[in-house]
1. Given the structure, is ALA62 open to solvent by less than 20 Å² (accessible area, probe 1.4 Å) and over 35 Å from the mean Cα position of the chain (by Cα)?
2. Say we look at segment 434-481 and pick out the residues that are among the aliphatic types (A, V, I, L, M) and in contact with a Phe, Trp or Tyr (Cβ under 8 Å, 6 or more places away or on another chain); which of these is nearest to ALA423 (Cα to Cα)?
3. Identify all residues within segment 65-81 that are open to solvent by less than 10 Å² (accessible area, probe 1.4 Å) and either in a helix (DSSP H, G or I) or of a type in the set (A, V, I, L, M) (or both); write none if there are none.
4. Which residue pairs have Cβ atoms closer than 8 Å, lie 6 or more positions apart in sequence or on different chains, and pair a first residue in segment 304-315 that is assigned to a strand (DSSP E or B) with a second residue that is open to solvent by less than 10 Å² (accessible area, probe 1.4 Å) and at pLDDT below 80?
5. Filtering segment 452-476 down to residues that are open to solvent by 80 Å² or more (accessible area, probe 1.4 Å) and assigned to a helix (DSSP H, G or I), which residue is nearest to VAL441 (Cα to Cα)?
6. Could you check, for segment 430-438, whether at least one of its residues is at pLDDT below 75 and open to solvent by 20 Å² or more (accessible area, probe 1.4 Å)?
7. Working only within segment 186-209, note down all residues that are open to solvent by less than 20 Å² (accessible area, probe 1.4 Å) and not in a strand (DSSP E or B).
8. Does segment 248-260 contain any residue that is under 15 Å from the mean Cα position of the chain (by Cα), modelled with pLDDT under 85 and either more than 30 Å from GLY153 (Cβ to Cβ) or not in a helix (DSSP H, G or I) (or both)?
Amino acid sequence: MIIVRSFTILLLLSCIAFKLACCFSSSISSLKALPLVGHLEFEDVHPASKDFGNRYQLLPLAVLHPKSVSDIASVIRHIWMMGPHSQLTVAARGRGHSLQGQAQTRHGIVIHMESLQPQKLQVFGVGGGPTPFVDVSGGELWINILHETQKYGLAPKSWTDYLHLTVGGTLSNAGISGQAFRHGPQISNVHQLEVVTGKGEILNCSERQNSDLFHGVLGGLGQFGIITRARIALEPAPTMVKWMRVLYLDFAAFARDQERLISSDDDKFDYIEGFVIINRTGLLDSWRLSFTPEDPVEASQFKSDGRNLYCLEVAKYFKLDEDRKDVMNQMPFSSPCAIGHEITGEVVEHGPLTDHKIIQRFSIGSRVVGAFIMPCGTCSYCAKGHDDLCEDFFAYNRAKGTLYDGETRLFLRHDDSPVYMYAYGAMAHAAEIRHGDSIAVIGIGGVGSSCLQIASTFGASDLIAVDVQDDKLEKAKTLGATSWLEPKDSP
């Protein structure tokens, strides 16, 4: 009895396998006979069996490389007409960034959306139009859309973090990033779609036309149709972005701050996103502009000790033509003037006091950028990556209050005498503090605190600290101040 049952089971399995083989053979023959502009690939199908999640590997029967939307419609219509007995399923694939195998199908047809014949991106509403938009193919990459729309001073309202993804791929999911708190995900910024349905029909849909299909396809994971074209909402592109990251060790503080920023009505930021950092290696790899890869002192302060780090990433957009005008109108000033710590320009002359090493490094005509600190790059500290402790820069800027050429760049108008910057230069050369002098330091911040200590070291007898904050005055008492004054209490 056992032998007969085993034989029956084996026979049944053999029949099933034979039936499937016949079905696939018949399917392949009929698919090969389709008149397509593109082509169906039946041999090299292994790349289509993987995706970004790397959890599933479903080998398809064939991969369609369409050259037109009609190719996609023809294949899907053919499979629809074959009926369910063919057991063929279809999956659209952009860049394969799905996590759960959504862009794969076992023994089915994978449609390689990037193979669609590239069409020129059409930007509408340029020049002050009320609702600018761009018409794009479902296989187009978002990075290409950005480059094209920026030529017109425009950009899509909502993005994904990674832009080398297809339009159809992200719109089939949601398209969520740091702008979603303001504009919603990408699927909330679409005016119209062209879709190939499960019957192989090519339909246009929007809020007013085929609305059920429109809302079903957006975020529908490819289960209600394949997006072949989309009309994306645009807005004026910023000309400058201030980008910041803030690290947290405490999740409650991280979540509280993120919720406060997102719910705020004052438009402080245009991009807000939070994420978890699992290890320091990943943090340093992606933060090359924030921490020095060699000996990252700042990063090492956030030792996780087995815990996770939490990060808020925020950005503020600026449109220079508008924002700069507003700022400049509120801050008039005459020239020439010192406009800040950071400068860029060309070396046109060396002053008589310029250090010989600087002359050798920066000849006439050199294009240079001057930052807040100007490390020499050759001393022992610079060699270790501690540019802020540069010996040469300290000798001039910190100790003398000058730049490398021995001058301050700032002079008093009435007699052209130099104005010395920073604590030591101001105390030693500008104020010329001597033993027994009486001085007043107004503002007990970083520089003011240093001035108190240096004046005390020089032997000043009366040190008066002036500030409007009680905590700073309390700190001044520990730094050598003999008297203190709050201006708000003065007559």
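The values are calculated or read from the model by the stated rules, or taken from the named source; none is laboratory data. Since we're looking at a predicted model, the values are computed, not measured. We place every Cβ from the backbone using ideal geometry, glycine too, and count neighbours over all the protein chains shown. Each accessible area value is taken on the protein alone, full model and side chains, heavy atoms only, with ligands, DNA and RNA left out. Shrake-Rupley method; radii C 1.70, N 1.55, O 1.52, S 1.80 Å.
1. yes
2. Top of the filtered list is VAL447.
3. ASP71, ILE72, ALA73, VAL75
4. What qualifies is LEU309/LEU283.
5. Here the answer is GLN453.
6. Yes, some residue in segment 430-438 is at pLDDT below 75 and open to solvent by 20 Å² or more (accessible area, probe 1.4 Å).
7. Passing the criteria: GLN186, ASN189, THR197, GLY200.
8. no
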